[in-house]
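A.B. asks: Okay, handing you the structure first.
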Amino acid sequence: MLLNPEVLTLLILDFVFAFFGIIAFILSVKIFLKWDLSSTSESQYRLEKQAFLASTIIKYIFLIKVPLFLFFVFTLDKIADVLVGAMCGAGVVDASGYGIYLLLLKILNIYIFAFWLTLHFNDMKKEQQPYTRLKFGVFIPIFFLFMAELIVEYFMFSDIDIHQMVDCCGTLYSNSSASYISVLFKINTVFLVGLFYGTYIAMFLSYLYKKRYIFSVLNVLFLFISIVSLIMFFGTYIYELPTHHCPFCFLQKDYNYVGYLIYVLLFVGTFNGIVCMFLDRFKTSLYFNSLYVVLVSSYVVVYYLKNGVLL
Amino acid sequence: MLFQLMLYLIHTMEIKMRDKINLYLIEYAINAILRDKYKNFFILSIFTMLTFLLSSVFFITNSIKYELDLTLDSLPQIIVQKTKAGRVYDIDADIVDDILNISGVNNAVARVWGYYYFENIGVNFTLVGVEEFEKQYKNSLEKIVQKTTLEDANRSIMLVGRGVKDMMSKSYYDKYFNFIKPDGSLKKVFIGGVFDADTQLESNDMIVMSKDTLRDIFDMDASKATDIVVEVSNPKEIPTVALKIKQKYPDVRVITNDDLRVSYENIFDYKSGVFLALFIISLFTFFMIVYDKASGLSGEQKKEIGILKAIGWRVDDVLKEKFYESFIISFFSYLLGVSFAFVFVYILQAPWLRDIFVGYSDLKPVFELPFVLDIETLLLVFFLSVPIYISATIIPSWRVATLEADEVIR
Amino acid sequence: MIQLKDITKRYEINKNNTITALKDINLEIKEGELIVLKGASGSGKSTILSLIAGLSKPTSGEVVIDAKHISKLPDNFASIFRRDNIGFIFQKYNLIPNLSVEENILLPLIPLNLDTKVAELKLQKVMDKFEIIHKKNNIVKNLSGGEQQRVAIARANVNDPKIILADEPTANLDKKLSISFIEILKQMKSSNKTIIVATHDPLFFGLDFVDREIEISRGNII
């Protein structure tokens, strides 16, 4: 399994990231401990220069990470072809105990890196550079999360046994499965959909009333509710099958890769929404979130128009 | 309201774009690259060479996989073989009847075939036995059987593939061929004709004859067969049927077409994986070269950066410019490397390189590498080249950007 | 207005070797003044210029320009300040030889990412003023000494800075070019720019349009 070219590529880049990440980490520790902008000593000047290196490394890692994540999803799909029983990425994720953690870690890290960069850009805009110490201090735990992702990625891929059959999303995402997913099925669908649209309207209202913190919190809620409602309700309209709940299958060619659009819209929207706690990104967030709502709703509407009934 | 929102967003995106992309800077970067012609040309060539090799390997393996997939599609869904002590033995032909009784099974045929080693030239022929009135398990065979009679009152006739005909002619066997039986005696079989089957990879070394002739050549009992192929009406049922056969006959090995596909894919991935491992080493070396070249700045270049900083360029501006330089060089090499690979593999048909993957033998079928364009492969090569090059330039660029400008003034 | 308050600048060559370039310097320059900093090489006048430009930071003391504490600004902001407010004329011009006149003058504007029309306008204005516009597409290394001089001056002025700093501008020039430089200096003075020239060229001494002559020797003002 490890000798699959796609997996090897991911691991090679992980290695490069780890190398530079460690450099950034060491610098972050130094800066966090000794930074003093008012000092005119040689060591402070050196530290200022090193701050540039650290932030450049972090920018680089983030810049590559985002398209690499898409590539990662692609790779999961490709491995699904070789794994007996897997029909889409869901099967691969489930093939190893590490799978779901890796996926969550990756998404989490992208959010976190994006936050860090936002913090960085705002820091550099001010003459006092007020957040420098904070941002490098914050990078320290981020680094550990980041290394965790790399290590888990290595373990997950070496764990996959091509000779072992895996469950397809059909069994994973069904009422009868014994996993955490089955809990979701207990939730009433009408309630869920209502919650989804309700949260969206609440976000809109909080924007009109300029309530920053409420807006941010609602975005966090919206992210989770969207994913759950996507699996439970909207996904079935994309597949036009009431039992197909897989959140991965619509990333495939058969559905025009719409999955990528859906997730990108959702992530960009909610990320900007959460960032509204410090910055004015209301409009961006609303724009992307609205597009997301329109997109998933359109599948339901189109289905209804075509067939006259709902699933 | 939504419309206003859209307009606003397009406007902000436009501003953000201009914030992020500085055309003047890009132009300066291109100019800077051209001003240092020799060094940059050297790096460009090596890098293009690396991406070229890598892309070629992937293009070739993709094409072979594709061709193989086509071949495998025409292979039987389930093959049943008898094994004893881990080796394959002749199977009882009447197991076919039992299998036909399993629900979901469309057809089951006992196959009689084998490899014949032609010592003179050192090649293996694949001998396939057919029964004229039996439904063939492969359409291509069906066509062949309809063409000629394979058994005459007096003599045995066979049909041969192109490659076989050529091999036999080389040994002056033009109208017939003498097979050497296990007991040393000869079996003369007349060449009735030459066929071209559907796919090139498999038919080149094939000989079609009647089952009786074949049994004769290999000294196989009339009640035995080489293996049994099973056709299942619903492809999704294949694993279930395979399981049932296995349960009924514990000493048989049941291979499904999926198993075959997976094992072939793994062989290919293994081979390209090995290649990739070698590539890593060269990439590492290249990393060192790039780092070295990028760090070694001439006094002239240091001065130039010093001037820029003195006239108001920030460290971030210099970093950005250096980034543009490395991105342009690496991306350009990537495009060149992929394009060259494209020409090399699909137009020139990859001389020398394809032998590593196709296998080298005299009966190597002459086939054309089909054109397979895979976005994933392009992305794969991209991620293996561009980000690594850029990472090699991070530290040198930073060193340059943080030079003390006041030394320039002296 | 430019103020240097209790400026000391030390350079660390290595662990044991430190050079004191400036010691407890106090200097005040009013807006619109034309100052000549006199002194031999190594006296510290170039250091003063680089401190005013924010190119280096003092070991102790402060540089304040128009109430802005330049010496305390982080690199990004110091560079922005320099870009917007200071025009530097170097000893050897320091033009990029294989670029054209226009490209050289454009250099300070590149990071600004201006609208094409705005940039064009600025370029035009300054090339006109220093009479180099007719050669705007010529490659700099093919120009005469005098023309290169004008390109260097044009580049320093393209952003219309308030302060012009010139470091030994005539050190490599013959008398004729030196005199033409002094003429151009007069021109710039009349546009109310604050100009500081660091030089040991006697041609600059005793000129009538110079407001003050300050002498530096071994890191101290005399």
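A.B. asks: Residues of the range A:279-299 with amide nitrogen under 11 Å from the 7 Å Cα-to-Cβ point of residue B:11?
C.D. replies: Within reach of a label on residue B:11, which here means backbone N under 11 Å from a point 7 Å along Cα→Cβ, the range A:279-299 contributes nothing.
A.B. asks: Once you have the alpha carbon radius of gyration of the range A:5-159, what is it after dividing by 2.2 N^0.38 Å, with N set to its residue count?
C.D. replies: 1.22
A.B. asks: Pull out a ≥ b ≥ c, the square roots of the eigenvalues of the alpha-carbon gyration tensor of chain A, then state rounded if a/c is under 1.5, prolate if not and a/b is larger than b/c, and oblate in the remaining case.
C.D. replies: Oblate, since a/c reaches 1.5 and b/c is not below a/b.
A.B. asks: When a footprinting reagent is the concern and you count Cβ atoms within 10 Å, what order do A:200, B:117 take, fewest first?
C.D. replies: With the fewest neighbours first, A:200, B:117 line up as B:117, A:200.
A.B. asks: Assuming R0 = 60 Å, can you tell me the calculated FRET efficiency for the pair residue B:119 and residue A:155, based on Cβ-Cβ distance, to the nearest 0.05? Could you put the intermediate results ahead of the total?
C.D. replies: On the way: r = 52 Å, r/R0 = 0.86.
Approximately 0.70, to the nearest 0.05.
A.B. asks: I would also like to ask the following. Sort A:304, A:45 so that the residue with the fewest other Cβ atoms within 10 Å of its own Cβ comes first and the one with the most comes last.
C.D. replies: Starting with the residue having the fewest Cβ neighbours, the order is A:304, A:45.
A.B. asks: Can you give the calculated 222 nm mean residue ellipticity of chain C, where each DSSP H run of n ≥ 4 adds -39,500 (n - 2.57) and the sum is split over every residue, rounded to the nearest 500 deg cm²/dmol?
C.D. replies: -9500 deg cm²/dmol
A.B. asks: Using a 7 Å offset from the Cα along the Cα-to-Cβ direction at both residue B:301 and residue C:69, what is the distance between the two label points in nm, to one decimal?
C.D. replies: Result for the modelled spin labels: 3.8 nm.
A.B. asks: How long, wide and thick is the range C:115-170, going by the Cα atoms along their three principal axes, in whole angstroms, largest first?
C.D. replies: That gives 34, 28, 15 Å along the principal axes, largest extent first.
A.B. asks: Can you give the alpha-carbon Rg of the protein assembly as shown over 2.2 N^0.38 Å, where N counts its residues?
C.D. replies: 1.28
A.B. asks: What is the calculated FRET efficiency for residue C:60 to residue A:63, with r their C-beta to C-beta distance and R₀ = 45 Å, to the nearest 0.05?
C.D. replies: Step by step, r from the Cβ atoms, then E = 0.65.
A.B. asks: While we're looking at this one, here's another question. Mind checking the dipole of the protein assembly as shown: about its Cα centre, +1 per Lys or Arg Cβ, -1 per Asp or Glu Cβ, Debye to the nearest 20?
C.D. replies: On the way: 95 positive and 98 negative charges, 744 e Å.
It works out to roughly 3580 debye.
A.B. asks: Can you classify chain C as rounded, prolate or oblate using the Cα gyration tensor, where a ≥ b ≥ c are the square roots of its eigenvalues, rounded means a/c under 1.5, and otherwise it's prolate if a/b beats b/c and oblate if not?
C.D. replies: prolate
A.B. asks: Within 10 Å of each residue's Cβ, count the other Cβ atoms and sort A:55, C:41 from fewest upward.
C.D. replies: Values: A:55 25, C:41 10.
Arranged by neighbour count, lowest to highest, A:55, C:41 become C:41, A:55.
A.B. asks: Tilt of helix C:75-85 relative to the longest C-alpha principal axis of chain C, in degrees (0 to 90, nearest 10)?
C.D. replies: 60
A.B. asks: Non-local amide H neighbours of residue B:108 (under 5 Å, H modeled in plane, Pro and chain starts lacking H): which ones?
C.D. replies: Result for residue B:108 returns B:231.
A.B. asks: Given an 8 Å cut-off on Cα distances and at least 6 residues of separation, report the relative contact order of chain A as a percent.
C.D. replies: 16
A.B. asks: If you don't mind, another one. If each of residue A:260 and residue A:26 carries a label point 7 Å out from its Cα toward its Cβ, how far apart are those two points in nm?
C.D. replies: Using points 7 Å along Cα→Cβ, the separation is 3.8 nm.
A.B. asks: Right, here's the next one. Under unit Cβ charges (Lys, Arg +1; Asp, Glu -1), what dipole magnitude, rounded to 20 debye, does chain C have relative to its Cα centre?
C.D. replies: 320
A.B. asks: Another question, if that's okay. Between the helical axis of A:99-125 and the dominant principal axis of chain A, each derived from Cα atoms, what acute angle in degrees is found, rounded to the nearest 10?
C.D. replies: Approximately 40 degrees, to the nearest ten.
A.B. asks: With each pseudo-label sitting 7 Å past Cα toward Cβ, what's the residue B:42-residue A:209 distance in nm, one decimal?
C.D. replies: 6.8
A.B. asks: Taking 0.36 nm per intervening residue step and subtracting the Cα-Cα distance, what contour gain separates residue B:88 from residue B:371 on full extension?
C.D. replies: 98.2 nm
A.B. asks: Compute the angle between helix A:258-275 and the longest alpha-carbon principal axis of chain A, please, reported from 0 to 90 degrees and rounded to the nearest 10.
C.D. replies: 40
All of the numbers you see were taken from the coordinates with simple rules; none came from a lab. Bear in mind that the values here come from a model prediction, so they are computed numbers and not experimental data. All Cβ positions, glycine included, derive from the backbone under ideal geometry; neighbour counts span all protein chains shown.
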